[in-house]
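Q: Structure in structure tokens, see below.
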């Protein structure tokens, strides 16, 4: 029997992310990419772009993805995994279509995709799958051979994602003044999305009452809080809260907002708060502005001591988790039954998004799922 590498049948990994501007001149064109088709005036985009201009027009996300790429390549090499890693973005260079074109021309025919979104939702999963389908359609129009593209399962509860967040929470607690530390409240934060999108997140059987999006975040928050209690002996109260809301004010989005939550906790006499951004892979703009700038300013106004836990970023344990997920999926594709690691109560997620998973308002082709036109 011919030798098969541990990652067979896959011959490449694609890191797929959101993208971000890398200078002041990039900000408005980047936001035009993000909002394409919504008819938002350029002047309004300049207003929205003020968050980026406060940081020199540079989003941290691209450098953070470069660091993750380096960590993945280092981990793969250290463990003898000869699997090239590419990087493409939805909304800024390097663009997904350009990267897939490069991969196709390099001869790659079975591609695994890691998205920088750990949870189920339309914007965090299916929209990336739609982008993959758009890119494959563009390659087909150019007459290029199309690789088969699959997506790694949701990794929100993989130990390599959760354990770094536990340590980051402990470190953030340790930075609080000792006299308020034991009474600190843990505010687990994630991106707010419309309640209608939350209710239809995940598989059809998950739909309703926040769907998989809320259930998965609650499970991770509970797992982290339990681990902190086991480590410190202190049972810190906690709550899942939201940030980074955008869109029309008349459309219901998940609440409470982190700033409103800080006011509420201060009113209850809570002595301190640790903000734990469990919904984000890295410290990109929505973490740096919405938490480190806006929420921190609200806490200062209230006189409420706060610290913020770090995100997972390029932690070596996360890079190792990605390797484990690659090998797990490869073994499954070969018909084996690999161990599927997961913490919390929900168990490991599905490999293949089923029909009806995280549906869009207007149906569009999506790759890397049971309804993919490119299977």
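Q: Restricting to segment 58-93, name every residue that is more than 26 Å from residue 317 (Cα to Cα) and either touching a strand residue (DSSP E or B) at 6+ places or on another chain (Cβ under 6 Å) or outside the structural domain of residue 327 (by TED's automatic domain parsing) (or both).
A: 58, the sole residue that qualifies.
Q: Before we move on, is residue 199 free of Cβ contacts under 8 Å to residues at least 40 places away in the same chain, over 13 Å from residue 309 (Cα atoms) and surrounded by fewer than 24 Cβ atoms within 10 Å (Cβ to Cβ)?
A: Yes, satisfied.
Q: With respect to residue 309, is the statement that it is under 18 Å from residue 222 (Cα atoms), under 19 Å from the mean Cα position of the chain (by Cα), at pLDDT 95 or above and crowded, with 22+ Cβ neighbours inside 10 Å true?
A: yes
Q: Kindly provide the set of residues from segment 365-375 that are surrounded by 13 or more Cβ atoms within 10 Å (Cβ to Cβ) and either touching a residue at least 60 places away in the same chain (Cβ under 8 Å) or in the same structural domain as residue 148 (by TED's automatic domain parsing) (or both), ordered by number.
A: Passing the criteria: 365, 366, 367, 368, 369, 372, 374.
Q: Determine whether residue 100 is part of a helix (DSSP H, G or I) and at pLDDT 95 or above. Don't jump to the end; show me each part of the working.
A: Values: part of a helix (DSSP H, G or I): yes; at pLDDT 95 or above: yes.
It is true that residue 100 is part of a helix (DSSP H, G or I) and at pLDDT 95 or above.
Q: Taking residue 253 as meeting all but one of (1) surrounded by fewer than 22 Cβ atoms within 10 Å (Cβ to Cβ); (2) over 23 Å from residue 289 (Cα atoms), write down the number of the exception.
A: All conditions pass for residue 253, except number (2).
Conditions tested, residue by residue: (1) at positive phi; (2) in a loop (DSSP other than H, G, I, E, B); (3) out of contact with any helix residue (DSSP H, G or I) (no Cβ under 6 Å at 6 or more places or on another chain).
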site: 14; (1), (2), (3): no, no, yes
site: 27; (1), (2), (3): no, no, no
site: 32; (1), (2), (3): no, no, yes
site: 40; (1), (2), (3): no, yes, yes
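Q: Specify which of the listed residues (139, 144) is more than 17 Å from the chain's Cα centre (by Cα) and assigned to a loop (DSSP other than H, G, I, E, B). Let's see the steps before the verdict.
A: Working: 139 fails: assigned to a loop (DSSP other than H, G, I, E, B).
Only one candidate qualifies: 144.
Q: Please find, among 128, 119, the residue that is surrounded by 22 or more Cβ atoms within 10 Å (Cβ to Cβ) and either in a loop (DSSP other than H, G, I, E, B) or not assigned by TED's automatic domain parsing to the domain that holds residue 324 (or both).
A: Details: 128 fails: either in a loop (DSSP other than H, G, I, E, B) or not assigned by TED's automatic domain parsing to the domain that holds residue 324 (or both).
The unique qualifying residue is 119.
Q: In segment 222-238, what count of residues is obtained for those that are in contact with a strand residue (DSSP E or B) (Cβ under 6 Å, 6 or more places away or on another chain) and surrounded by fewer than 17 Cβ atoms within 10 Å (Cβ to Cβ)?
A: Here the count works out to 1.
Q: May I pose another question? What about residue 358, is it at positive phi, surrounded by 15 or more Cβ atoms within 10 Å (Cβ to Cβ), assigned to a loop (DSSP other than H, G, I, E, B) and out of contact with any strand residue (DSSP E or B) (no Cβ under 7 Å at 6 or more places or on another chain)?
A: Judged against the criteria, residue 358 is a match.
Q: Another one. Would you pick out the residues in segment 273-297 that are in contact (Cβ under 8 Å) with a residue 40 or more places away in the chain and in a helix (DSSP H, G or I)? Show your work before the answer.
A: Initial filter on segment 273-297 (in contact (Cβ under 8 Å) with a residue 40 or more places away in the chain): 273-286, 288-291, 293, 295.
Matches in segment 273-297: 285, 286, 288, 290, 291, 293, 295.
Q: Tell me, yes or no, whether segment 168-184 has at least one residue that is under 16 Å from residue 154 (Cβ atoms), in contact with a helix residue (DSSP H, G or I) (Cβ under 7 Å, 6 or more places away or on another chain), in contact (Cβ under 8 Å) with a residue 24 or more places away in the chain and not in a helix (DSSP H, G or I).
A: no
The values are calculated or read from the model by the stated rules, or taken from the named source; none is laboratory data. All values reported here derive from a predicted model rather than from experimental measurement. Virtual Cβ from ideal backbone geometry, glycine too; neighbours counted across all protein chains shown.
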